[in-house]
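Here is the structure we will look at.
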Amino acid sequence: MRRRRLKSPRDTATQPRRLAASDVASEWRAPAAPFGTDPAGVQAMLAAIVESSDDAIVSKDLDSTIMTWNGGAERIFGYTRDETIGRSITMLLPPEHLHEEDHILATLRRGERIDHFETVRVGKDARRVDVSISVSPIRDAMGSIVGAAKIARDITERKKIETERARLLASERAARAEAEGANRAKDEFLSVVSHELRTPLASMLGWIRVLRMGKEEHAVRALNTLERSIGVQRKLIEDLVDVSRIVTGRLRLELRRIDLRSIVHATVEAMAVEATTKGVQLGAVLGDLPAEVQGDPERLEQVVLNLLSNAVKFTPSGGRVLVRLEAADLEARVTVEDTGQGLTAEFLPHLFERFRQAESVAARGRESGGLGIGLAIARNLVELHGGTIRAKSAGENKGAVFTVTLPLAPITTPAPDTDKGEAANPGELDVPRTVR
Amino acid sequence: MAGKCWLMVVDDDADLRGAMATILEGAGFRVIEANDGFEALQQARANRCTCLIVLDLYMPRMNGWKFREEQVKDPSLAAIPVIVISADADAARKATTLGVAAAMPKPVDFDRFLNVVRQYC
């Protein structure tokens, strides 16, 4: 079948019957009315179909000049016929899509079609329109390609739906991955809890069996071990209760004005024997001036003790642990520095996460013991005091530095009627539900 | 009753290791202790006759898996039977990959433990 050149309305005004009607008339059976069966009627009907299409139906020559422009094109792009015919089709192409026209023309010149090419065009009001375009070459009476017929369908709504569906899918996948991760972390945590509770229990049952052997020479060691193992279990249970309180927002602080020097001093004393036994040098620099904060002494001691015991635990014999207390710029700063096994860059961001730490304990093989939730508890306690806790390490086997900052208590005035403010009032503080 | 070979208890938990050693000695076994896999290898190589190794899995420096790997590579140690004792709830399954004689959970059922030990020493 021979195809003829598609004419612009201006052309068809003068030569209205050249629009390929003969090509289709033989295959298409026209209804009797209103156009009749003569070629002019058929052509008028085809023109009416093109005109009434919801899709943009446009023709252009091989210089990209627009030749025809239907009602669908007006609706989709906002330009009238007069505004487009004679101008380049590139007026519809966003700058980043201009290269597409060269590709389209090259394809047409090879006599090939472009089907359902999804891209973006720009309307008169600068609105981006997602379109699916199909382009076919138009040939003249000699069969030479002289232009192209282009059908563009507005797929903006479909694209929006697709984008929204993809967003929902990605969001659902992310939520599922997060839930699975959290579940896995909790499973690991429960596994670690089980392991850590069984360990002192195994020791206790062992020494009870030894006591039942009735030999007096074992009694002292047995009782000492029982006492120590019970202490280990009590600490594990207290940590679990703390985590439960943090999760449910029921952790309470008993605030009063305290000098952090006494807290740090007490924890260093408490760790001295363990450090010496392990061959780790434990030092403290406390300063001469008080570092007073509004805090719960037991909880702050728990925080510093956690940092110190971790430092001693992860520092090999011959290493050093140094605690430093400074007060400056309205805050007190406790720094615990060790020369121990350090932290990897991958693990550092997850150090204070409640279950991630336990996950890591499981992954490392529980070789260091403990639930691995001490730092998560410490972070919560410090934050409830209005402070911060940070960790840094140059990497594995390069030591670690933990820094806790707490706001210094305001200087109290001697006048009895002075408004002391909330921070100066000792007593119980109901802590709101904590994050994470 | 136990022969003249030694039974080795490998566990980094000194309290439990001590209890097990005391119980085993009370049952007539000759016991040597090791704090981790590395120490266990040294002890086993130095000792000419080890009838059984009681092995914990999670230990610093050299864990139970690594110890077992080294043990089976050493012809002088490979034949020594091993009983895995672990607080890991999944210890029995994990131990199957090690090709050991038995696996028991912590806390240990000492009557059962002694019965198993008597099969080897």
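Table: residues versus (1) open to solvent by 40 Å² or more (accessible area, probe 1.4 Å); (2) within 24 Å of A:A409 (Cβ to Cβ).
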| residue | (1), (2) |
| --- | --- |
| A:M271 | no, no |
| A:T276 | yes, no |
| A:G279 | no, no |
| A:G283 | no, no |
| A:D288 | yes, yes |
| A:E292 | yes, yes |
| A:D296 | no, yes |
| A:Q302 | yes, yes |
| A:N306 | no, yes |
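Given the conditions (1) within 14 Å of chain B (Cβ to nearest Cβ); (2) open to solvent by less than 60 Å² (accessible area, probe 1.4 Å); (3) over 40 Å from the mean Cα position of the chain (by Cα), which single one is not true for A:L236?
(3)
Report whether or not B:I85 is under 19 Å from B:P105 (Cβ atoms) and in contact (Cβ under 8 Å) with a residue 60 or more places away in the chain.
yes
Can you tell me which residue within segment B:79-109, out of those that are over 19 Å from B:A34 (Cα atoms) and open to solvent by less than 10 Å² (accessible area, probe 1.4 Å), is farthest from the other protein chains (Cβ to nearest Cβ)?
B:A95
Only strands (runs of 3 or more DSSP E) wholly contained in segment A:91-187 count here; list those with 1 or more residues that are free of Cβ contacts under 8 Å to residues at least 40 places away in the same chain.
In segment A:91-187, A:114-122, A:128-139 are the strands (runs of 3 or more DSSP E) which contain 1 or more residues that are free of Cβ contacts under 8 Å to residues at least 40 places away in the same chain.
Does A:L211 satisfy the condition of being assigned to a helix (DSSP H, G or I), farther than 30 Å from A:V50 by Cα, open to solvent by 60 Å² or more (accessible area, probe 1.4 Å) and within 14 Å of chain B (Cβ to nearest Cβ)?
In short, yes.
Among the residues of segment A:223-233, what is the count of those that are open to solvent by less than 50 Å² (accessible area, probe 1.4 Å) and at the interface with chain B (Cβ under 8 Å from one of its Cβ atoms)?
Going through segment A:223-233 one residue at a time, the tally reaches 2.
What about B:A27, is it facing chain A (nearest Cβ under 10 Å) and free of Cβ contacts under 8 Å to residues at least 12 places away in the same chain?
No; evaluated as a whole, the condition is false for this residue.
The values are calculated or read from the model by the stated rules, or taken from the named source; none is laboratory data. In this text the structure is predicted, and so the values were computed from the model without any measurement. FYI the Cβ positions are ideal-geometry reconstructions off the backbone, even for glycines, and counts take in every protein chain you see. Calculation scope for accessible area: heavy atoms of the full protein, side chains included, ligands and nucleic acids excluded. Shrake-Rupley method; radii C 1.70, N 1.55, O 1.52, S 1.80 Å.
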